[in-house]
Amino acid sequence: MAPIAVGDKIPDGTLAYFDAENQLQQVSVHSLAAGKKVIIVGVPGAFTPTCSTKHVPGFVEHAEELKAKGVDDILLVSVNDPFVMREWAKTFPDNKHVKFLADGSASYTHVLGLELDLSDEGLGIRSNRFVLLFEDLKVMVANIESDGDFTVSSAEDILKAL
């Protein structure tokens, strides 16, 4: 399957998260994004070094700037279960705008064409590292890394594109 690209319509899919009352919720991507300007950040795994020390902190730190440039929501998606994503979110106490969403079986990652097979390292199917910017479900920017690199998918990269 070809990876999602600029001009494509973002596919729908179901992701999971814990709400403010600590209740497990299932949400469709389209319900979160229709009629809005949204960023989806994809990372290979919760608590992994680059994700935890570089990628996610950048979006937490620059969230206000992104919002000031018209971004309605910042969705962080990882191939982890919602329990892991809830605990990972707690490690970013300054976070006010990044929503941590679980794609536990990698089904949404698969629909995006952004799977990363890390089975040789014992990690199974994960998400490639990426950042997508879309407006009313149409992809405007698709910065997709090669094999887990971190060169084009930072908050700074998407700020430049806005």
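Each reported figure results from applying straightforward, stated rules to the coordinates on display, with no laboratory input. Every value quoted in this text rests on a predicted model; they were computed, and no experiment measured them. Note: ideal-geometry Cβ built from the backbone for every residue, glycine included; neighbour counts use all protein chains shown.
Can you list the residues of the range 62-94 with backbone N under 19 Å from a point 7 Å past the Cα of THR50, pointing along Cα to Cβ?
Within reach of a label on THR50, which here means backbone N under 19 Å from a point 7 Å along Cα→Cβ, the range 62-94 contributes 76-80.
Multiply the residue separation of GLU156 and GLU61 by 0.36 nm, subtract the distance between their alpha-carbon atoms, and state the gained length in nm to one decimal.
33.2 nm
Within the range 81-110, find all residues whose amide N lies under 20 Å from a label point positioned 7 Å from the Cα of LYS36 along Cα-to-beta-carbon.
82, 85-86, 89-90, 94-104, 108-109
Using only Cα atoms, locate the centre of the range 1-79 and the centre of the range 85-147, then give the distance between them in Å, rounded to an integer.
7 Å
Suppose every Lys and Arg Cβ carries +1 and every Asp and Glu Cβ carries -1, with no other charges. What dipole size does the chain come out with about its Cα centre, to the nearest 20 debye?
Its charge dipole is roughly 380 debye.
Would you list, by chain and number, the lysines whose Cα falls below 22 Å from the Cα of LYS138, excluding same-chain residues fewer than 8 positions away?
By straight Cα distance, LYS138 reaches LYS9, LYS36, LYS37, LYS67, LYS69, LYS99, LYS160.
Of the beta bridges DSSP finds with both residues in the range 50-129, what % are antiparallel, to the nearest 5?
The antiparallel proportion sits near 40 percent.
Summing +1 for each Lys or Arg and -1 for each Asp or Glu, what net charge is found among the other residues whose Cβ lies under 14 Å from the Cβ of ASP136?
After counting each charged neighbour, the total is -1.
With r as the distance between the Cβ atoms of ASP147 and ALA5 and R0 = 25 Å, compute the FRET efficiency 1/(1 + (r/R0)^6) and round to 0.05.
Calculated value: 0.85.
Expressed in nm to one decimal, what extension gain is obtained for the pair LEU123 and ASP81 from 0.36 nm per residue of sequence separation less their Cα-Cα distance?
Additional length available on full extension: 13.7 nm.
Provide the percentage of antiparallel DSSP beta bridges, counting only those with both residues in the range 14-161; round to the nearest 5. Kindly include the intermediate steps, with their values, before the conclusion.
Working: 21 of 32 bridges.
Given both bridge residues lie in the range 14-161, the antiparallel proportion sits at roughly 65 percent.
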